[in-house]
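Report on one structure; see the data block that follows.
The values are calculated or read from the model by the stated rules, or taken from the named source; none is laboratory data. Source: prediction; values computed, not measured. Note that each Cβ is placed from the backbone with ideal geometry, even for glycine, and that neighbours are counted across all protein chains shown.
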Amino acid sequence: MKKFVAIAGNIGVGKSTLVALLSKRLNWEPFYEPESDNPYLADFYRDMRTWAFPSQIFFLTRRLRDQRLLLNHPTSVIQDRTVYEDAEIFARNLFIQGQMIDRDYQTYCELYQVLCDFVPPPDLVVYLRASLSTLSKRIANRGRDYESSIPQDYIGRLNELYEEWINNFSLCPVLTLPADDLNYVENNVHLDLIVSKINDKLAGKEEVLFGEDEMSSLH
C-alpha cells in the first residue's frame, strides 16, 4: 500500500540527509525542500522584513506543486519538510517578530488555509528534535554562505515554535526522534532503528518510543 511520510524539523537538523537515506533503504520516492531554488532566500537572510512575504509565498507555491506531484506518484513517497511547518513555524515566527506586516500575513494565511483544505495530510510525520547547540553545529558544518548570517536566537525561537506545533499537531500520527543522539549517516544501526520505528508506526503500533536500552545503544 502506498505511503506518504514527511520528515519535519528545524534548520540544520538533518531532514534532507534522512530523506535521502530512507528513500534508498525503503525504495520510496524523495521530495526535497525547494530551498536551493528559492531566488529570495539569500536576500531574506540579509533583510527579513523586506523579503519575508515573497520568500514564504515562493515556498508555499512550490509546496502546492510538490503536493500534487507526490500525491499522483504511483509508489510511496517521503517529503523533506511539511507545508505545515512553512506556515505554522516560519511564517508565524516572522509575523510574531514583526518581520511580516499584518496585511501580508493575513494574505499568506488565507492562501495556506485554502491549500490545506485541498491537500490530505501525510500518513506519518517524523519529527527530528534537536537542541540549539546541535543545530548550530550542524548549520556551521554544512557551510552554506547564506546561513552564516542567521542569528542564533532566530534558530532558538524556531525551536520553541516547533515544540509548540508538534505538541498540538493532530492531523496524522507523529514519530519523534532524538536527533541529538542519532548519527544515521555513519551508523547503520541508528538508521535500522529509525526504519523499524517508522514501520511500526505505519502499522499502527502505539508503543514505538525509544526505550532505555535503545537510547543506551545510540551512544
| query | Only one of K3, K15 is modelled with pLDDT of 90 or more, surrounded by fewer than 18 Cβ atoms within 10 Å (Cβ to Cβ) and of a type in the set (K, R); which? | reply | K3
| Inter-residue pairs, beta-carbon under 6 Å, first closer than 17 Å to S133 by Cβ and in the stretch 176-187, second outside any helix (DSSP H, G or I) and small (G, A, S), 6+ apart | A179/A130; D180/A130; D180/S131
| request: Just give me the residues in the stretch 2-42 being in a loop (DSSP other than H, G, I, E, B), farther than 15 Å from D123 by Cα and not β-branched (V, I, T), in sequence order. | output: N10, G12, G14, N27, Y32, E33, N38, P39, Y40
| query | Take the residues of the stretch 113-134 that are in a helix (DSSP H, G or I), under 28 Å from K3 (Cβ atoms) and out of contact with any Lys or Arg (no Cβ under 9 Å at 6 or more places or on another chain): which is modelled with the highest pLDDT? | reply | Q113
| said: Tell me yes or no: at least one residue of the stretch 53-72 is under 19 Å from the mean Cα position of the chain (by Cα), farther than 15 Å from C116 by Cβ, surrounded by 20 or more Cβ atoms within 10 Å (Cβ to Cβ) and of a type in the set (A, V, I, L, M, F, W, C). | reply: no
| task | Would you confirm whether any residue within the stretch 140-163 is of a type in the set (D, E), assigned to a helix (DSSP H, G or I), modelled with pLDDT of 90 or more and under 16 Å from the mean Cα position of the chain (by Cα)? | result | yes
